[in-house]
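What follows is a set of notes on a single structure, which appears directly below.
Values quoted throughout were computed directly from the atomic coordinates according to the rules given, and no laboratory measurement underlies them. Note that the coordinates shown come from a computational prediction; the quantities given were computed from them, not determined experimentally. Using ideal geometry, Cβ is built from the backbone for each residue, glycine included, and neighbour counts are taken over all protein chains shown.
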There are 2 protein chains.
Amino acid sequence: MEQEFASTLLENAVTQLSRLPGIGRKTALRLALHLLRQDEQTGVDLGQSIIDLRKGITYCTCCHNISEQPLCPICSDPGRDTSTVCVVESVKDVMSFERTGQYRGLYHVLGGLISPMDGIGPDALQIRSLIERVDRENVAEVILALSATMEGETTNFYIFRQLGTRPVRITQLARGVSVGNEIEYTDEITLGRSLVNRTLFADSFSRK
Amino acid sequence: MEQEFASTLLENAVTQLSRLPGIGRKTALRLALHLLRQDEQTGVDLGQSIIDLRKGITYCTCCHNISEQPLCPICSDPGRDTSTVCVVESVKDVMSFERTGQYRGLYHVLGGLISPMDGIGPDALQIRSLIERVDRENVAEVILALSATMEGETTNFYIFRQLGTRPVRITQLARGVSVGNEIEYTDEITLGRSLVNRTLFADSFSRK
């Protein structure tokens with residue numbers, strides 16, 4: 001490749017930055033020139049934090065969440081309910097559920113969803129390790145907490161079939177009208193399910 | 001600040017990444033998680049390239065372009081015409097003019113434009129060093145190559161006044177209809193100037 005910039009260091013930084021998703025060479029150049037305008041420590045801190053991140057973080061051997069130890073803080077927390085496993089697509093989803101403050105069980109991060117269109121089959125995901133975990137540990141409930149999309153439903157169904165007759169309760173997230181959404185703009189499939197799965201109004205007071 | 005993520009390393013990388021312009025915490029998290037999905041070397045290479053960039057690049061003592069040496073490759077190129085200095089706003093503009101392949105003189109990077117609204121006065125820019133350069137070196141022509149905006153015109157005029165009666169030719173970029181643009185969508189000020197400064201049609205053939 002012909003060198004685009006006068007400096008090899010700039011060339012290299014722009015090439016590396018433009019490998020990030022959503023960052024093209026123009027943006028990468030803008031970021032690099034921005035870093036050059038900041039004091040030296042700012043740039044060095046950024047570079048070092050990325051190296052530390054990549055070298056220091058691994059995946060939890062049990063739930064496949066990111067972790068600095070072989071077992072992540074959630075899996076190694078003695079206060080969590082080990083009988084419940086919430087199956088999520090990604091590390092980000094673990095963060096989302098943790099922020100709700102409503103869940104005290106463990107997680108299982110699949111690392112994606114089954115998507116034949118993108119060439120992602122069950123073997124590319126942490127589904128086998130989920131089944132093994134159910135067989136090995138004392139799991140009473142598996143919560144399927146995947147997106148309400150075609151890929152999510154396909155993956156839900158695949159896991160449901162794989163778990164087969166194992167003595168474990170398989171649940172999924174409630175489908176219904178999103179809090180803050182207007183009925184007028186809610187699609188009819190969601191409305192239908194929210195009607196079928198309606199809950200006692202009084203329950204909404206008794207819940208914290 | 002309360003820690004948002006379970007991992008300090010992730011927290012730190014996200015904080016550092018979100019200091020970049022146009023990158024918020026959500027995007028920073030997406031980038032960090034992306035890096036964790038890549039192989040380790042990719043992340044380490046990115047981090048190291050940023051550190052190398054920041055530690056290895058400095059500014060040319062003569063023209064204030066970025067450089068790995070005290071004098072940038074353009075200033076130290078014996079083949080360039082040292083009697084012509086093109087005044088530009090930023091390092092990016094040097095790259096733009098170099099890409100045209102039409103210029104063999106030197107540059108002077110101001111590092112911005114005069115903008116009282118943003119609190120940027122002449123002293124924040126490399127204007128004094130430009131005047132000193134004209135006094136010190138054998139500069140025959142100063143090309144004002146700043147944006148055709150209010151800030152650009154203000155800066156042009158300020159430099160013009162500062163150069164005063166010094167025996168140097170002061171020129172500015174031609175204003176006219178951009179190549180590829182339709183007359184219908186060109187503003188009348190540009191049209192007016194393109195009419196006043198019209199050039200001989202035959203000259204467009206004789207030029208390379």
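Between A:THR100 and A:ASP135, what length in nm is gained on full extension when 0.36 nm per residue of separation is reduced by their alpha carbon distance?
9.7 nm
How far apart are the A:ARG19 label points across copies, placing each 7 Å from Cα toward Cβ, in nm, shortest first?
Sorted ascending, the copy-to-copy spacings read 2.3 nm.
With both bridge residues required to lie in the range A:72-146, what share of the DSSP beta bridges run antiparallel, to the nearest 5%?
About 10 percent, rounded to the nearest 5.
Under the convention of a label 7 Å out along Cα→Cβ, give the distances in nm from A:GLU184 to the same position in every other copy, shortest first.
In nanometres, ordered from closest: 3.9.
So how far, in whole Å, is the C-alpha centre of the range B:14-33 from the one of the range B:47-111?
Their Cα centres are 30 Å away from one another.
Could you give the alpha-carbon Rg of chain B over 2.2 N^0.38 Å, rounded to two decimals?
Relative to the rule-of-thumb radius for its length, chain B sits at 1.34.
Tilt of helix A:40-56 relative to the longest C-alpha principal axis of chain A, in degrees (0 to 90, nearest 10)?
40
Alpha carbons only, please: Rg and Dmax for the range A:74-177, in angstrom.
That works out to 13.2, 41 Å for Rg and Dmax.
For the Cα atoms of chain B, what angle does the longest principal axis make with the long axis of helix B:8-17, in degrees from 0 to 90, nearest 10?
The angle comes out at about 10 degrees.
So which chymotrypsin sites (Phe, Trp or Tyr not before Pro) in the range A:122-206 are both in a DSSP loop and have at most 12 other Cβ atoms within 10 Å of their Cβ?
Answer by residue number: A:PHE201.
Express as a percent, rounded to the nearest 5, the fraction of DSSP beta bridges in the protein assembly as shown (both residues included) that run antiparallel.
In the protein assembly as shown, DSSP labels about 20 percent of beta bridges as antiparallel.
Using the C-alpha atoms of the protein assembly as shown, what convex hull volume per residue, in cubic angstrom, is computed?
247
Report, ordered by chain and residue number, the aspartates and glutamates lying within cross-link reach of A:LYS55, taken as a straight Cα distance under 12 Å and ignoring same-chain residues fewer than 8 apart.
Output for A:LYS55: A:GLU68, B:ASP39, B:GLU40, B:ASP45.
Just to be sure I understand: chains B and A are related by a rotation, so which residue of B has its Cβ closest to that axis, and how close in Å?
Residue of B nearest the axis onto A, distance in Å: B:GLY47, 2.
Along each of its three principal axes, how wide is the spread of alpha-carbon positions in the range A:139-208, in whole angstrom units, largest first?
Cα spread of the range A:139-208 along its principal axes, largest to smallest: 39, 31, 18 Å.
Work out how far the C-alpha atoms of the range B:27-99 reach from end to end along every principal axis, then list the three figures in whole Å, largest first.
Here the Cα extents, ordered largest to smallest, are 53, 22, 18 Å.
If each label sits 7 angstrom from Cα along the C-beta direction, how far apart, in nm, is A:GLY112 from its counterparts in the other copies?
4.7
By how many degrees, 0 to 90 and rounded to 10, does the Cα axis of helix B:150-163 deviate from the longest principal axis of chain B?
Its long axis makes an angle of about 60 degrees.
Please give me, ordered by residue number, the trypsin sites (Lys or Arg not before Pro) of the range B:114-162 that lie in loop per DSSP and have at most 15 other Cβ atoms within 10 Å.
The qualifying sites: there are none.
Using the Cα atoms as the points, what is the convex hull volume per residue of the range B:8-56 in Å³?
Output value, Cα hull per residue: 76 Å³.
Using label points projected 7 Å from each Cα along Cα→Cβ, tell me how many nm separate A:ARG128 and A:SER83, to one decimal.
3.0
Report, for chain A, the % of DSSP beta bridges that are antiparallel, rounded to 5.
Around 20 percent antiparallel, to the nearest 5.
Compute the label zone of B:ILE189 within the range B:107-140: residues whose backbone N is under 19 Å from the point 7 Å along Cα-to-Cβ.
B:113-118
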